[in-house]
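The values are calculated or read from the model by the stated rules, or taken from the named source; none is laboratory data. As the structure is a computational prediction, the values presented were derived from the model and not from experiment. Please note: Cβ atoms are built from the backbone with ideal geometry, for glycine as well, and neighbour counts cover all protein chains shown. We work out accessible area using only protein heavy atoms, side chains counted, and drop any ligands, DNA or RNA first. Shrake-Rupley method; radii C 1.70, N 1.55, O 1.52, S 1.80 Å.
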Amino acid sequence: MSLLSVDRLCIGPVDSAAAPIVDGLSFTLSRGDSLAIVGESGSGKTQAVLSLLGLQGAGLRVSGSARFDGIELIGARDSMLDVVRGTRIGMVFQDPASSLNPYLTVGMQIGESLEVHRGLSRAESHRVALRLLDAVRVADAARRLLQYPHELSGGMRQRVMLAAALACRPELLIADEPTTALDATVQRQLITLLRELQRDFALSLLLITHDLGVVGELCTRTLVMYAGRVMEEGDSERLLRAPTHPYTQALLRARPRLDTDPDAPMFAIAGSLTRAEISPLACCFAPRCEHAVDLCYRLRPPPESVADGVRHCHRRPEDIATAPG
Amino acid sequence: MRPHTTSPGMRAALAALACVVALVIVGPWFSPYACDEIDFSGTWSAAPTLVHAHWFGTDSLGRDLFVRTLCGGRISLLVGAVSTLVSLLVGVACGAVAGYIGGRLDGLLMRIVDVLYALPFMFFVIVLMVLFGRHLLLMFVAIGAVNWLDMARVVRGQTLALRERDFIAAARLSGLSDLQIIRRHVVPNLFGLVAVYAAVTLPQVILIESFLSFLGLGVQAPATSWGALINDGAREMDVTPWSLLFPAAFLSVTLLLLNLLGEQLRARLSSRGGPAA
Ligand SMILES: Nc1ncnc2c1ncn2[C@@H]1O[C@H](COP(=O)(O)OP(=O)(O)OP(=O)(O)O)[C@@H](O)[C@H]1O
Ligand code: SF4
Ligand SMILES: [Mg+2]
């Protein structure tokens, strides 16, 4: 049974014909499942998930459909959205530096949604906040509760934000690059924590990342985005092992690895993501794709169902299995 | 609030300011004379002397200038503080609401501010004073009502930037209403900016009051203020220079200290890269 189903989500500036930021994003997420959205910086991942909660950037228009447990989220009024957001859907925002109010204590920020959504008193919400800090493995929780954000390290802030997002026991947790700003050790701890939380809180997880290592460890499914469009979606394990899309292949090859010759040159995808040159009638990856053929510049590849998901590419998987000779 | 390190200059300015305020408040109790009491035993226009406890001398009516200078200071500082508070409250409320809610309301509020800006302010205050009489309360309102405009603009700009921060989005997820978010999340983050702005506004307002009183449009006799005293003193400058000297010195030193303080606060705010860094 699908918990969240997004259908042809589009986000674009209200007052210009500029290329859309998100263009036809579709996916479904089953209850208890986890989906990673992967894509390079600026591909529209953050705006896509924000729009599900009615929090898209100023001056952006959202169309399409997103149903959470049957409730339509796109275009819903704030009063409708408040039924699900913060209570049934929790979110951890991308920027740990700006996600906590510098003038409120950790306890007040974790307890805020409990006080508003659940009508708890300050004392009650503090008790729950204490338990939540324990749940996200913050040592010395009672003292932390009374501290201000600037007294916390980056990893600690992420944990506090997780605690705040989990306060109302959501069914779905959206985490926007929760590990990006952290060093490797702390990243590792946070991934372990997320996995434990997913189990303990029976969470469905929508994870945004550009770290393919995180994907394999946390999410059963992966969706690869480029320039606001879906490139490929499928089973994480299969997708990482045998990608069927040139962009996914390039991403995997561009990944820094420890098990290869350290002197070998790093692979980088040629060119850069420039929205201005993306045509609505072509494959958006064509200017940078090493497998591009004529058709790619003339026709936008339609979705093609494959065994475990969907891909958007004109070339057959077997044609692109090897680098062009 | 977290602890800040204060520079020695700032501490000195604060201490000096505290001295002035303390002197203005408690000073008159140490003198045997009341604010508008005429000392018939002493001489009129007496020079500063220790004999009759006329430490700053007397004016042409035989009133003790020490007491009058401090009593005038009470009024000047009170007008400054209350007017600054008025402009602060109105300015923050208007600016934060306009900046956070945005859209039509923002447009409307900011057009009102623009229109009020365009009015010749001194003229405005003077007309109010003439129409409604020289009432102290009116002075608070008139000065405060004009000074909130800058405050509203600055606060609105800061709010626009704050609105993009993720903790505001998080607060919306928590189900807080717009007004709750403004109260709980926006206003506290304006604190640094507002403190600086208040420190800059305070001397401006004191100066405006002094100017109005100097023109004879300020406080009503027998009450007095530094501006009114300077006006009196200027008329008798040739005979009793001290009647000009003392109130003028108090006013200048106070303004200087307030400006120094505002400058220090501003420097600290900008070096921290914003109020919420
Ligand atoms: N309010 C807005 N109005 C117009 N364009 C916007 C707005 N907000 C974001 N964008 C644009 O949308 C694009 C996608 O932004 P988004 O933050 O979703 O990217 P992202 O995939 O999350 O990138 P990153 O990995 O860097 O976080 C960017 O090019 C950005 O400039
Ligand atoms: S459609 Fe063409 S250009 Fe686009 S990814 Fe496939 S091969 Fe490359
Ligand atoms: Mg992002």
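Some points to look at:
- Taking all protein chains together and rolling a 1.4 Å probe, B:F124 ends up with roughly 80 Å² accessible.
- Take the accessible area of chain A alone and of chain B alone, subtract that of the pair, and you get about 2100 Å² summed over both chains, using a 1.4 Å probe.
- Point-charge dipole on Cβ atoms (K/R +1, D/E -1) for chain A, about Cα centre, debye to 20: 460
- For segment B:157-201, a decrease in accessible area of 50 Å² or greater in the assembled protein chains relative to the isolated chain, with a 1.4 Å probe, applies to B:D166, B:F167, B:R172, B:L173, B:S174, B:R184.
- Other residues with beta-carbon under 14 Å from the beta-carbon of B:P241 carry, at +1 per Lys or Arg and -1 per Asp or Glu, a net charge of -3.
- Euclidean distance between Cα centres, segment A:151-195 to segment B:162-180, Å: 20
- Where only DSSP H runs of four or more residues are counted, chain A gives -8500 deg cm²/dmol as its mean residue ellipticity at 222 nm, each run worth -39500 (n - 2.57).
- Contact order for segment A:103-164, expressed relative to its length and based on alpha carbon pairs under 8 Å spaced 6+ residues apart, stands at 47 percent.
- Taking a sphere under 11 Å around the Cβ of A:S63 and counting the other residues whose Cβ falls inside, with K and R at +1 and D and E at -1, yields a net charge of 0.
- Accessible area (Å², per residue) of segment B:89-134, counting only protein heavy atoms and a probe of 1.4 Å: 57
- The apolar share of the surface of chain A, taken as the fraction of accessible area on carbon and sulfur atoms (1.4 Å probe, ligands and nucleic acids excluded), comes to 54 percent.
- Counting only Cβ charges, +1 for Lys and Arg and -1 for Asp and Glu, the dipole size of segment A:103-164 around its Cα centre is about 120 debye.
- A simple count of charges around A:I278, restricted to other residues whose Cβ falls under 13 Å of its Cβ and scoring Lys, Arg +1 and Asp, Glu -1, yields +2.
- Exposure rank, largest accessible area first [A:E233, A:E290; 1.4 Å]: A:E290, A:E233
- Note on the protein assembly as shown: semi-axes of the ellipsoid equivalent to its C-alpha gyration tensor, largest first and rounded to whole Å, are 66, 25, 21.
- Lys/Arg +1, Asp/Glu -1 at C-beta; the protein assembly as shown dipole; positive extreme among B:S76, B:A198, A:G234: A:G234
- Normalised by residue number, the volume inside the convex hull of the Cα atoms of segment A:103-164 is 70 Å³ per residue.
- Threshold 50 Å² - residues in segment A:38-70 whose accessible area is reduced by that much or more when the chain is no longer isolated, probe 1.4 Å: A:L55
- Listed residue (A:L120, A:L212, B:G133) projecting farthest to the positive dipole end of the protein assembly as shown, Cβ model: A:L120
- Between A:R88 and B:L14, the simple label model (points 7 Å from Cα in the Cβ direction) yields a spacing of 5.2 nm.
- Reported to the nearest whole Å, the Cα centre-to-centre distance from segment A:11-65 to segment B:67-104 is 44.
- Since only A:Q47, A:S5, A:A19 are under comparison, the one whose Cα sits farthest along the positive direction of the charge dipole of segment A:1-49, derived from C-beta charges on Lys, Arg, Asp and Glu, is A:S5.
- Stretching A:R67 away from A:E196 to a fully extended chain increases their span by 43.8 nm, per 0.36 nm per residue minus the current alpha-carbon distance.
- Spin-label proximity, A:S41 to segment A:202-217 - amide N less than 14 Å from point 7 Å beyond Cα toward beta carbon: A:210-211
- Whole-percent carbon and sulfur share, accessible surface of segment B:164-277, 1.4 Å: 67
- Normalised per residue, the accessible area of segment A:49-199 is 40 Å², obtained with a 1.4 Å probe and no contribution from ligands, DNA or RNA.
- Label point distance in nm, B:D238-A:S5, each placed 7 Å from Cα along Cα→Cβ: 9.9
- Shielding value for A:108-120 is 3, the average number of Cβ atoms from other chains within 10 Å of each residue's Cβ.
- Extending 7 Å from the Cα toward the beta-carbon at both A:V306 and A:D140 defines two label points whose distance is 5.0 nm.
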